[in-house]
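Taking it in order: structure first as structure tokens, then the write-up.
No value in this document is a laboratory result; all are computed from the given coordinates. Model, not experiment: these values are computed from the prediction. Don't worry about glycine lacking a Cβ; one is built from the backbone with ideal geometry, like all the others, and counts go over all protein chains shown.
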Amino acid sequence: MLSTGELEDIVIVKKYTKTISPTSGSVTKGYNSIGEIWCKILIYSGTEMLDNMKTVHTQKIKMYCRYDDSEDIDDKDRIEFNGEDYNILFKNPNKSKQEIVFDLEKIT
């Protein structure tokens, strides 16, 4: 179980939204900020490679959150940490420890 002292990072949760225009029927997709949560962040992987003469950086992090704060977040949503957006790769809820662990990948 996470102690309060371990939750030292604040992230912004961005919920995936899809809106259909009633007049044209066009679909607009986007992300709306729904709030901030305290969590513990661990950076565990980073790579840099050349792809078509362009450098591509990848950074993967683990985010540990309390269960109550983050149970409605799913893999369509995004997490903003230090001004950078991250896709959710995997969500692992652990109800016995009352925490959720997310694997995230930076969007480049």
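Within the bounds of the stretch 41-58, is there any residue that is of a type outside the set (S, T, N, Q), in contact with an Asp or Glu (Cβ under 8 Å, 6 or more places away or on another chain) and more than 14 Å from Glu105 (Cα to Cα)? No, the stretch 41-58 contains no residue that is of a type outside the set (S, T, N, Q), in contact with an Asp or Glu (Cβ under 8 Å, 6 or more places away or on another chain) and more than 14 Å from Glu105 (Cα to Cα). Being touching a Phe, Trp or Tyr at 6+ places or on another chain (Cβ under 8 Å), surrounded by 12 or more Cβ atoms within 10 Å (Cβ to Cβ) and touching a residue at least 60 places away in the same chain (Cβ under 8 Å) is not true of Lys60. Looking only at residues in the stretch 45-92 that are of a type in the set (Phe, Trp, Tyr) and within 9 Å of the chain's Cα centre (by Cα), the one that is nearest to Lys29 (Cα to Cα) is Tyr86. Answer with yes or no whether Asp103 is surrounded by 11 or more Cβ atoms within 10 Å (Cβ to Cβ) and part of a loop (DSSP other than H, G, I, E, B). So Asp103 fails the test. Reported count of residues in the stretch 12-42, each being of a type outside the set (Val, Ile, Thr) and surrounded by 15 or more Cβ atoms within 10 Å (Cβ to Cβ), is 6.
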